[in-house]
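Participant: Quick one: this structure, given as C-alpha cells, is what I'll be asking you about.
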Amino acid sequence: MTISSPKPTWHFTLFNITLLTLLSIWLWQQNQATAIIEPQLPDDGKLQCVSYSPYYQPGQTPLNPNTLIDSAQIDQDLTLLSKQFNCVRIYSVSQGLDYVPEAASKLGMQVYLGAWIGWVKALNDKELDLAIAVANKHPKTIKALIVGNEVLLRGEQTEAAMKAYLTKAKQATHVPVTYADVWEFWRKHPALEDSVDFVTVHILPYWEDNPQPIEHALDHASNVMNLLKDTFKKPILIGETGWPSVGRQRQGSQPGAINQALYMRGFLQLAHDKNWNYNLIEAIDQPWKRKLEGTVGGYWGIYNTNLTPKFLFNGDVKARTDGLRPLLFGGLGALLFLGLSIYLNERRKSALIALASLGALFGISTLLQTEYLLTACQDRDEWLALGGVAVTGWIAIISIIWTVSKANANNLRLLQVCLTLLLLAAITLSMLLIIDGRYRDFSISLYALPAIQLSLGLYLLKQNVRPKLQLYYLLHVLLIVSAAYCLYLEPKNLLAALWLAISMLIAAGTWPKRQLSTH
C-alpha cells in the first residue's frame, strides 16, 4: 500500500537533497586545482631515474615465465620516458628485458640493470650470467648492476648467499655493482656494504611499519637518509621512493593524486637541496601487482597504463577531473527513478521529488562504485564478490521506489534480504581486514549509500524491514565488534572510522523486531 501521510515522504526528500548537496560539494572540492610546490629541476627539465617495468598491458606479468615483452613496446616506452628521465631502472633481464640497454643507448639514456634473485639457485645463476653479459656488452649505458631486489626482506636468500652473488658480479664485470633493499634491512645487514660499490636503499613512507602521513613523509625520508649516512661510508642511492595514487589508507598514510604529486614534487626539491642520487618508483602503473599488494600495488606509476601522465611537475594539480560525468550520471539516475515512479502511477509531488533526488544519488554513487570496481577487481572472483555487493546495493536502492509508491510486505522482504546480504558481506570484509588487512580495501563506496538508505532512509519513511530472528543480535555484535577492532588497529585511518559508522548503520537497519510492519 502507498504511504498515506506526505510528512514521511517530505522528510525523506529533505534527507536525500541534503545528501546530494553534501556529495556535490565533495565532488566540487575534489575537482578544484591545488597549488603544489614546483621543484627546481635541471636545465633540461629531466629527472635522474625511474623504475621501468613494461608489464602494464592486459595479460603481461613477470609472474608468468611465458610472458615475453616485444622490443617494439620497449622502444615505444623508452621514447616516451626519455623526454622526462635520463635513466631507467629495470629489475630483471629475463622476458625480453635484456633489450632495454640497447634501446636506451639509442636515446642517450642510461640503465640501472637488475638481476632478479629469488629462491632457486639455477634460475639465479642463469639470470645473473645474462645480466653480466648484458652489462659487459653495454658498459657505457649501464650505470650499475643491481644484483637482487629486496631478497633479504622476502627471506629468499641469506646474507652470505647475497655476498657470493655480488662477488661473482664484481669479478665478472667492470660496471659498479650494488644490492637493493628497504633501508631497515640494510641496517640489519651492514656487512653487505663491503660487497658493493654503493648502497641502494628503498624509502617508501607509505609502506613503513609505521606508515607516514603525507605531512611527515619528506621529513621521514630526510631522517632516514641522515641515519643511513651515519651508518654507511659508501655513497647511497635511493633506489625506490614514491607515493601511490589509488588504494587503501594505512593509518594516516593516504594514497591519492594530490598526495602523489605532493610527495614526488617535494622529494625532488629535497633531493636537489641535499644532492641525493635517486630513482623514482615507478614509470607506469602495474596492474599485475594488485594480486600481490592489493589495489594500491597497481597505482604507483607516474603514468597511467594508457601512458598518460597523472600529473606534471609544474602547475596546479586536481584530485579528480570529472568534467560533466557526475551531472550526467546524476541526471540519468534521476530520470530512471522518475520514470519508474510514473510507471507505478505515482503522482504525488513529494514522492516524485524524493525519488528524483534518490535517483541522482544513485547515479553518482554508481559512478563512484564503478570507478572503485575497475581499480580494485583483478580477477573473476573479485568481480563476483565486490560486484555482488554493488549489485545488491543497486537492487535495494531501486526497490525503495516501490516502498515509497506501493509499499507492501513482499517488497519490504526484498529489502530485508538485501540488508541481510550486506550484513553478511560486511562481516566478511571486517574479518578479512583484521586477518589480512595490509592489502585489503575498506570498500566504502560499495556500502555507503545502501547502508544509509536502508537504515536512516527507511526510518524516515516509517518503513521497517527488521527481521524477527534473534540470530541477528549475534551477527550485529560480530559486525560492530570487528569493525571497531579495525578502527582500534588503525586509529588514525579515517576510512576505518567511516567503516565503523557504516557497520553501525547496517546493524541499525536489521536490528530484530517482534513483527514486520508495513506502515
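The values are calculated or read from the model by the stated rules, or taken from the named source; none is laboratory data. Worth saying up front: this structure is predicted, and the values here are computed from it rather than measured. Note that we place each Cβ from the backbone using ideal geometry, even for glycine, and neighbour counts take in every protein chain shown.
Participant: Could you say which residue among 301, 294, 252 is among the small types (Gly, Ala, Ser), surrounded by fewer than 19 Cβ atoms within 10 Å (Cβ to Cβ) and in contact (Cβ under 8 Å) with a residue 60 or more places away in the chain?
Facilitator: 252
Participant: Kindly provide the set of residues from the range 398-418 that are part of a helix (DSSP H, G or I) and either of a type in the set (A, V, I, L, M) or within 18 Å of the chain's Cα centre (by Cα) (or both), ordered by number.
Facilitator: Correct list: 398, 400, 401, 404, 409, 412, 414, 415, 417.
Participant: In addition: Is it fair to say residue 57 is surrounded by fewer than 18 Cβ atoms within 10 Å (Cβ to Cβ), in contact (Cβ under 8 Å) with a residue 12 or more places away in the chain and over 23 Å from residue 287 (Cα atoms)?
Facilitator: no
Participant: Within the range 117-124, can one find any residue that is within 27 Å of residue 263 (Cβ to Cβ) and in contact (Cβ under 8 Å) with a residue 12 or more places away in the chain?
Facilitator: Scanning the range 117-124, I find no residue that is within 27 Å of residue 263 (Cβ to Cβ) and in contact (Cβ under 8 Å) with a residue 12 or more places away in the chain, so the answer is no.
Participant: While we're here: For the condition farther than 17 Å from residue 463 by Cα, of a type in the set (A, V, I, L, M, F, W, C) and touching a residue at least 24 places away in the same chain (Cβ under 8 Å), what is the one hit in 424, 419?
Facilitator: Result of the check over 424, 419: 424.
Participant: Can I ask one more? If residue 429 satisfies every condition in (1) among the aliphatic types (A, V, I, L, M); (2) modelled with pLDDT under 95; (3) surrounded by 22 or more Cβ atoms within 10 Å (Cβ to Cβ) but one, which is the exception?
Facilitator: (2)
Participant: Kindly indicate which of 14, 23 is surrounded by 13 or more Cβ atoms within 10 Å (Cβ to Cβ) and without any contact (Cβ under 8 Å) to a residue 12 or more places away in the chain.
Facilitator: 14
Participant: List the pairs whose first member sits in the range 483-495 and is without any contact (Cβ under 8 Å) to a residue 40 or more places away in the chain, whose second member is part of a helix (DSSP H, G or I), and whose Cβ atoms are under 7 Å apart, counting only residues at least 6 apart or on separate chains?
Facilitator: 484/500; 487/496; 487/497; 487/500
Participant: Considering only residues of the range 346-366 that are of a type in the set (A, V, I, L, M) and buried (at least 20 other Cβ atoms within 10 Å of the Cβ), which is modelled with the lowest pLDDT?
Facilitator: Restricting to residues being of a type in the set (A, V, I, L, M) and buried (at least 20 other Cβ atoms within 10 Å of the Cβ), the top hit is 351.
Participant: Suppose the filter is surrounded by fewer than 19 Cβ atoms within 10 Å (Cβ to Cβ) and of a type in the set (A, V, I, L, M); does residue 280 pass it?
Facilitator: no
Participant: How many residues are free of Cβ contacts under 8 Å to residues at least 60 places away in the same chain and closer than 22 Å to residue 367 by Cα if we restrict to the range 430-453?
Facilitator: Residues in the range 430-453 being free of Cβ contacts under 8 Å to residues at least 60 places away in the same chain and closer than 22 Å to residue 367 by Cα: 4 in total.
Participant: Next question. Name the single residue, out of those in the range 311-349 being part of a loop (DSSP other than H, G, I, E, B) and among the polar types (S, T, N, Q), that is farthest from residue 359 (Cα to Cα).
Facilitator: 314
Participant: Let me ask another. Give all pairs with beta carbons closer than 9 Å in which a residue from the range 368-392 that is not assigned by TED's automatic domain parsing to the domain that holds residue 453 meets a residue that is surrounded by 14 or more Cβ atoms within 10 Å (Cβ to Cβ) and part of a helix (DSSP H, G or I); count only pairs at least 6 apart in sequence or on separate chains.
Facilitator: none
Participant: Hey, among the residues in the range 171-184 that are buried (at least 18 other Cβ atoms within 10 Å of the Cβ) and either of a type in the set (Phe, Trp, Tyr) or more than 34 Å from the chain's Cα centre (by Cα) (or both), which one's farthest from residue 295 (Cα to Cα)?
Facilitator: The qualifying residue farthest from residue 295 (Cα to Cα) is 173.
Participant: Are any of the residues in the range 432-440 among the basic types (Lys, Arg) and in a helix (DSSP H, G or I)?
Facilitator: Scanning the range 432-440, I find at least one residue that is among the basic types (Lys, Arg) and in a helix (DSSP H, G or I), so the answer is yes.
Participant: A follow-up question, please. Which ones in the range 117-151 are crowded, with 22+ Cβ neighbours inside 10 Å, over 16 Å from residue 87 (Cβ atoms) and among the hydrophobic types (A, V, I, L, M, F, W, C)?
Facilitator: 117, 128, 131, 132, 147, 151
Participant: Has the range 227-235 got at least one residue that is crowded, with 20+ Cβ neighbours inside 10 Å, at pLDDT 95 or above and either polar (S, T, N, Q) or in contact with a helix residue (DSSP H, G or I) (Cβ under 8 Å, 6 or more places away or on another chain) (or both)?
Facilitator: No.
Participant: Residues of the range 62-80 being assigned to a loop (DSSP other than H, G, I, E, B) and crowded, with 16+ Cβ neighbours inside 10 Å, which ones?
Facilitator: Selection gives 62, 67, 69.
Participant: Among the residues of the range 6-18, is there at least one that is within 28 Å of the chain's Cα centre (by Cα) and either among the aliphatic types (A, V, I, L, M) or in a helix (DSSP H, G or I) (or both)?
Facilitator: The answer is no, given that none of the residues of the range 6-18 is within 28 Å of the chain's Cα centre (by Cα) and either among the aliphatic types (A, V, I, L, M) or in a helix (DSSP H, G or I) (or both).
Participant: Among the residues of the range 335-345, which ones are free of Cβ contacts under 8 Å to residues at least 60 places away in the same chain and surrounded by 14 or more Cβ atoms within 10 Å (Cβ to Cβ)?
Facilitator: Those that are free of Cβ contacts under 8 Å to residues at least 60 places away in the same chain and surrounded by 14 or more Cβ atoms within 10 Å (Cβ to Cβ): 335, 336, 338.
Participant: Mind counting the residues in the range 111-125 that are touching a Ser or Thr at 6+ places or on another chain (Cβ under 6 Å) and either assigned to a strand (DSSP E or B) or at pLDDT below 95 (or both)?
Facilitator: 2
Participant: Scan the range 419-442 and give yes if some residue there is under 25 Å from residue 355 (Cβ atoms), more than 28 Å from the chain's Cα centre (by Cα) and not basic (Lys, Arg), otherwise no.
Facilitator: Within the range 419-442, one or more residues are under 25 Å from residue 355 (Cβ atoms), more than 28 Å from the chain's Cα centre (by Cα) and not basic (Lys, Arg).
Participant: Further question: Of everything in the range 39-54 that's buried (at least 18 other Cβ atoms within 10 Å of the Cβ) and of a type in the set (A, V, I, L, M), which residue is nearest to residue 112 (Cα to Cα)?
Facilitator: 50
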